[in-house]
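One structure is given here, and the rest of the page talks about it.
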Amino acid sequence: QVQLVESGGGLVQAGGSLRLSCAASGRIFSRDALAWYRQAPGKQRQLVAWFTSSGSTNYADSVKGRFTISSDNAKNTAYLQMNSLKPEDTAVYYCNRHTLLGVVVWGQGTQVTVSS
């Protein structure tokens with residue numbers, strides 16, 4: 001069984017920074033697909049940042065240049081560094097892991113609130 005535990009959300013002023021963490025446990029692999037999503041109230045869940053199959057990173061246009069996805073395989077942890085935050089970044093953020101065995105797991109979500 002694979003579990004993901006997120007941390008690092010909170011309240012920050014516009015222009016500030018936060019770093020989200022997503023710690024994985026269970027049967028995971030270093031080449032699992034990793035991604036971060038977010039969901040604002042009344043909106044659909046949106047893909048924010050992800051690793052491509054070649055290991056490079058990709059971002060939604062709305063966060064490009066401000067957010068950075070990374071991972072530390074030794075710690076089984078993925079990160080989302082968020083800089084220059086805007087009120088429109090307010091959402092619940094979810095990490096997602098698609099393992100090599102085909103198991104898809106979501107974190108519990110962490111609230112990010114950006115005040116203007």
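The values are calculated or read from the model by the stated rules, or taken from the named source; none is laboratory data. As the structure is a computational prediction, the values presented were derived from the model and not from experiment. Note that we place each Cβ from the backbone using ideal geometry, even for glycine, and neighbour counts take in every protein chain shown. Accessible surface is based on the protein model in full, side chains and every heavy atom, while ligands, DNA and RNA are left aside. Shrake-Rupley method; radii C 1.70, N 1.55, O 1.52, S 1.80 Å.
Suppose the filter is in contact with a Leu (Cβ under 7 Å, 6 or more places away or on another chain) and not hydrophobic (A, V, I, L, M, F, W, C); does Ser115 pass it? Yes. Would you confirm whether any residue within region 94-101 is among the polar types (S, T, N, Q), open to solvent by 50 Å² or more (accessible area, probe 1.4 Å) and not in a loop (DSSP other than H, G, I, E, B)? No, region 94-101 has no match at all. Selection of region 1-37 for residues being of a type in the set (Gly, Ala, Ser) and in contact with a Gly (Cβ under 7 Å, 6 or more places away or on another chain) yields only Ser21.
In this structure, Asn83 does not qualify as on the phi > 0 side of the Ramachandran plot and open to solvent by 40 Å² or more (accessible area, probe 1.4 Å).
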